[in-house]
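Reading through the C-alpha cells given below for one structure.
Just so you know, all these numbers are worked out from the coordinates, no wet-lab data involved. Everything quoted here is computed from the prediction, not taken from an experiment. Quick reminder, even Gly has a Cβ in these numbers, built from the backbone with ideal geometry, and neighbours come from all protein chains shown.
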Amino acid sequence: MSDLLTPTKIEPLAAEQAAILDRDGYLLLRGAVPEDWREALRVAFDAGTQHQWAVPRGPDWRHALVDLDPTVQRTCRLPPLLAAAGRMLGGPFFLCQVEGREPLPGGGHQSLHRDAAGQATVSALVFLDAYGPDNGATRVVPSPQDQGEPDEALAVTLAGEAGDILVFDADLLHGATRNHSGARRRSLLLSFKPEGARASEDACRAIRNIRMDTGEVFVP
C-alpha cells in the first residue's frame, strides 16, 4: 500500500451475513441505502445520462456518469457494503469504479457471464428502483451450484426494492434479464479491487471515464 494514501479501517461483516456470502458468493443487503438518500441517487442517475462516454456502451442500456455525485460516493462507502467487499478481498482495497446502468424497455438481457474470471474483484449493484423478473433484474448462479459452465437452469432471478444492494464476487456467474415490462430499473454498478491492482486501473482511467478520486484505501 502506498505511504501517500490514508487507510480507512472498516468493520467486519456480521457473522450470519459472512456465512451466507462465503457459501453463495453473493449477498443481498436489503434496504441498505437510507430511504432519504434514494431520490437524490435517482436524480443523480438521470442527470448523468446526459454525459458522453469515451467508448461506446451497450445499445439496449441507459448509462449514467455519476461518480462525482456526493450521495453516490456516500453510498459506495456504506459500512455493510465495505464490510462485504473486505470479507471477499481480505486485504487493503479501493473503489475503482461506479457508474449508472438501466436496461431499456425490451432490452438488457445478458448471457450468464463472469466479470473478472480469475481476478480478485468485488462487484455491487445498488438498486434505485424496485426490481424483479419483469424489468430486467439480475440473476445469479450461487457458488455451490456453479458447475463451471453457464447453466440457466441453475440461475436464481433476484427481486426486491429500491435501496437494496447486491454485492458479489465478480467471478460469480450472473447476468441481467430482459426488461419485458419497460418499468424503470436504475442501478449503480460498483467495483472494488485489491490495492495491488491500482496501477493497472489507473492506466485506463480515461477510457473508462473515471473522474472521481480513487485514492482512499479500505482496510479490513
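Values computed for the structure shown
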read-out	value
Point-charge dipole on Cβ atoms (K/R +1, D/E -1) for the chain, about Cα centre, debye to 20	400 debye
Model label zone, Glu152; criterion: amide N under 17 Å from point 7 Å along Cα-to-beta-carbon; scope the range 102-130	106-114
Cα-based shape type of the range 1-66, given that a ≥ b ≥ c are square roots of the gyration tensor eigenvalues and the cut on a/c is 1.5	prolate
Helix-only CD estimate at 222 nm, as mean residue ellipticity for the chain, using -39500 (n - 2.57) per DSSP H run (n ≥ 4)	-6000 deg cm²/dmol
